[in-house]
Amino acid sequence: MDTAMRSKGFTLIELMIALVIVVVLTIMALPSYNRYIRSSARADAQSQMVKIAGDLERWRAKNLSYANFTPEIAFASTPGSIVDSTTTNATIYLPKGSTSANYKYQLALLDGSTRTSSLTSSGLTAGQRWILVAQPNTANSTLSLASRLVLSSQGVRCMTDSALTDATMKSNIKDTTNTSDSALCAGTSKPW
């Protein structure tokens, strides 16, 4: 009779062992899942950067410079992309449909000569180069370790490790003493 009662349910020890196994498996899977999320967001940003680069080259072929190019025009066929302001059109939030509150990557399109103003700035005269910078949303704990990406009209493509901070990268971008865009990828960077 005692064996009949035991076979009807689980003991507390058996339930605790099953719970420990589930917790251990979850702890092992979480870092892989976070890497997947970062990799997916980075791939989306890279894809959009290459698309914008193509749009920039088509713009230059028609207008003989990159001046007055606006991402809003480039993204007209993909509703849901949000540009930070209709006057500067310098920042795009990814993925499509995201805002400044919930984006994964933020793309900034800068003039390659000044490295501080957008291609639609009123003081821009030449517009012969551009730099596209993708910054992850560091407020998101999963993306805080994501790579920062750079793509330029001179063919520079690099991504930086998490050790290179946004402030350091921005100072590299604003350093106009070195006219080569390869200076943007100084430090712990690798091509993509």
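Assuming R0 = 30 Å, what is the FRET efficiency of SER32 and SER100, from their Cβ-Cβ distance, to the nearest 0.05? Using R0 = 30 Å, I get an efficiency of 0.55.
Ordering 100-112, 21-33 by mean Cβ neighbour count within 10 Å, with the highest value first, yields 100-112, 21-33.
Taking the average, over residues, of other Cβ atoms within 10 Å as the packing measure, peptides 11-18, 37-44 rank 37-44, 11-18 from highest down.
All of the numbers you see were taken from the coordinates with simple rules; none came from a lab. What you see is a predicted model; the values in this text were computed from it and never measured. In this analysis, Cβ positions are derived from the backbone assuming ideal geometry, glycine residues included, and neighbour counts consider all displayed protein chains.
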